[in-house]
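In what follows, a single structure is set out as C-alpha cells and then discussed.
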Amino acid sequence: MTETPSVVLAGTVDTKADEIRYLRRCIERAGGACMVMDVGVLGAPAFVPEISNHRVAEAAGVSLARVAASADENEAMALMARGAAVLLRRLSDDGHIDGFVALGGTMGTDLALEAAAALPLGVPKLVVSTVAYSHLIPPERIPPDLMMILWAGGLYGLNPVCESVLGQAAGAIVGACRAAAAPAYSRPVVGMTSLGKSCLQYMVGLKPALEQRGYEVVVFHTTGMGGRALEALAEQGRFAAVLDLSLQEVSNDVHGSVVTSGPQRLQAAGRAGIPQIVAPGAIDMIDFPAWLPAKPDYAGRPYHAHNRLIASVTATPDERRATARAIAARLAAARGPTALILPLGGIEQWDRPGEPLYDPTGLKAFMDELRAAVLPGIERVELPCHINDAPFVECVLEIFDRWVAAGRIPKA
C-alpha cells in the first residue's frame, strides 16, 4: 500500500488549465502527489507542468514544432498519444509513478486510451471523459483494468457539476493507488472464456480440476469486454494456455452486434504462440441490448431475454456458416498448438431440445462449414455430446494433460 501515491495527470494545459489545476489540488488534498503531463499542441501552457509537451513530442520521435505544423489534428494528437504512452511506460517501469489519470473530450480520451494501454495490469488508470461509456469507444482500445467516469459539465470551464466529478476522480485514483497490487503470477495461469452457468457450465468442472493440477485459472465473461481483457492479457504473454471455449463475441462481431470484443478476438493467443484449446460455445446466438427494439430482420427468430440488458436471437444457417469461416481464418494464423473441439450435441444450454434456441439444422450447418474450413494442422476432436455434458470437460482435460506431458504447456 502506497501512503503518498504519485499520480500522472495528463491533459491539455493550453485549453484545460483551470480544470487540471483543480484536479491536481483534489489529488493532493486526498493525499497524493501529482505530476502534470501537458499533451496540448498549439497554445502556450497557462502554468509550467512537470512534464512538458516538448518532452511528450520528443518521446514520440518528433519535435513539438513538427506536431504543431501538422495540418491534420488527428495526426497531431496521435503523435502526442504515442509520446505520452512511451513516457508513462518508462516512468512506470522505473517505479516513479503509482497511477495515471487523464481528462478530456474526444481528443483527450483518444490520447488517454493509448497512454493507459501502455501501463501494465495493476497500475491504476482512470479516464475522466465527456464520452465515457459511449459506443464511440471501441472495445479493443480499453485496457482490462481501466476505470472511467463521465465528465458531466466538463466541456468548458469549472462549475459545481464539473468540480464534483473531478473530486470523485481524485478520490478514485488516489484510493486505487493506495489499495492496488499487481497480480501475483506465482503459478502458471490458464485463461478460460465462458458465460454464466445458466448458459455454459463446463467451467464448474474445469476450474477445480486445473487448480488441483497446480494452475491458476482466470475465467473471462464473454459479453464483449471480457473477451477484450483475455486478448489484452494474451498479448502480454500472461497465459501458459488458453481455453477459449465461448466464442459468442466472434459471432457478434461478424454480424454487427455491439456486444463485441472487436475484430481482434480469437487472435492474440495464436499470434503469441500460446497453446489454445478452442470450442464454439454459444456462437449460435447474436446478442443485442434488450432495452432496444430488435432489428426487423430478427422478426420471427427464436428469442431469449437473459435480463433487461441483454437479449439474443438465433443466427440463421448462413450466418452460422459465416461465423465458422471467421473462426477458421483466425485459428489459421495461430503459431502455437491449437485444438478445436466440436460438441455435436449442442453449444449452449438454450439450444437443447425443448429450449427456445433449439435449431439442429443451424447447428449442423455451422459444424459442416467449420469442418470444411479448418486447416489440417489444427487438431480437431468431434464429440457426440452437448458442450454442457461431462464428456466435454473430460476431453478438454485429456488434451490439456497430453500437452503438458509433451512439454507444450508448462508444468505447474
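Every number in this text was worked out from the coordinates using simple rules, so none of it is lab data. For clarity, every value in this text was computed on a predicted model and none was experimentally measured. Note: ideal-geometry Cβ built from the backbone for every residue, glycine included; neighbour counts use all protein chains shown.
Full extension of the chain between ALA152 and THR4 yields a length gain of 50.5 nm, computed as 0.36 nm times the residue separation minus the alpha carbon distance. Between the Cα long axis of helix 73-93 and the first principal axis of the chain there is an angle of about 90°, rounded to the nearest 10. Residues in region 276-288 carry Karplus couplings, in order, of 9, 10, 10, 9, x, x, 6, 6, 6, 9, 10, 8, 7 Hz; the curve used is 6.51 cos²θ - 1.76 cosθ + 1.60 with θ = phi - 60°, and Gly or Pro positions show x. Only Cα pairs under 8 Å and 6+ residues apart enter the sum, and on that basis the relative contact order of region 117-262 stands at 24 percent. Label-to-label distance, ARG335 versus HIS54, with points set 7 angstrom from Cα along the beta-carbon direction: 4.0 nm.
Under the criterion of Cα pairs below 8 Å and six or more residues apart, the relative contact order for region 18-148 equals 16 percent. Compute the acute angle (0 to 90°) between the alpha-carbon long axis of helix 390-405 and the principal axis of greatest extent of the alpha-carbon atoms of the chain; round to the nearest 10°. Value to nearest ten degrees: 70.
Remark: region 355-361, residue by residue, has Karplus-estimated 3J(HN,Hα) of 8, x, 10, 5, 7, x, 5 Hz, where x stands for each Gly or Pro and the curve is 6.51 cos²θ - 1.76 cosθ + 1.60 at θ = phi - 60°. In terms of its C-alpha gyration tensor, region 1-68 has an oblate overall shape, because the principal axis ratio a/c (a ≥ b ≥ c, square roots of the eigenvalues) is not below 1.5 and a/b does not outweigh b/c.
Dividing the mean sequence gap of close Cα pairs (under 8 Å, 6+ apart) by how many residues the chain holds gives a relative contact order of 11 percent. From the alpha carbon centroid of region 245-317 to that of region 158-218 is 22 Å. In the chain, the sites counted are chymotrypsin sites (Phe, Trp or Tyr not before Pro) in DSSP loop states with at most 16 other Cβ atoms within 10 Å, and the longest stretch holding none of them, exclusive of the sites, is 186-290. At an R0 of 45 angstrom, the distance between the Cβ atoms of TRP291 and ALA372 translates into a FRET efficiency of 0.70.
DSSP loop (so not H, G, I, E, B), at most 14 other Cβ within 10 Å: list which GluC sites (Glu not before Pro) in region 299-373 pass both filters. Listed in order of number, the matching sites amount to none. By the helix-only formula, in which each DSSP H run with n ≥ 4 contributes -39500 (n - 2.57) and the sum is divided by residues, the chain has a 222 nm mean residue ellipticity of -12000 deg cm²/dmol. Between amide H atoms placed 1.01 Å from N, distances below 5 Å from LYS125 occur with PHE100, MET147, all of them 5 or more places distant or on a separate chain.
Students often get this wrong, so try it: which of [x] 143; [y] 159; [z] 219 is volume of the Cα convex hull per residue in Å³ as calculated from the structure shown? After the calculation, the listed value that fits is [y].
Sequentially through region 267-274, phi angles give Karplus couplings (6.51, -1.76, 1.60; θ = phi - 60°) of 10, 5, 4, x, 4, 7, x, 6 Hz, Gly and Pro residues having no value and appearing as x. Close amide H contacts of GLY346 (hydrogens built in the peptide plane, cut-off under 5 Å, sequence separation of 5 or more or a different chain): ILE387. Since only TYR156, GLY227, GLY191 are under comparison, the one whose Cα sits farthest along the positive direction of the charge dipole of the chain, derived from C-beta charges on Lys, Arg, Asp and Glu, is GLY191. When the charge dipole of region 189-405 is built from unit charges on Cβ atoms (+1 for Lys and Arg, -1 for Asp and Glu) and taken about the Cα centre, the candidate among ALA269, MET367, THR338 whose Cα reaches farthest toward its positive end is ALA269.
Taking the C-alpha atoms only, the angle from helix 317-332 to the longest principal axis of the chain is near 70 degrees.
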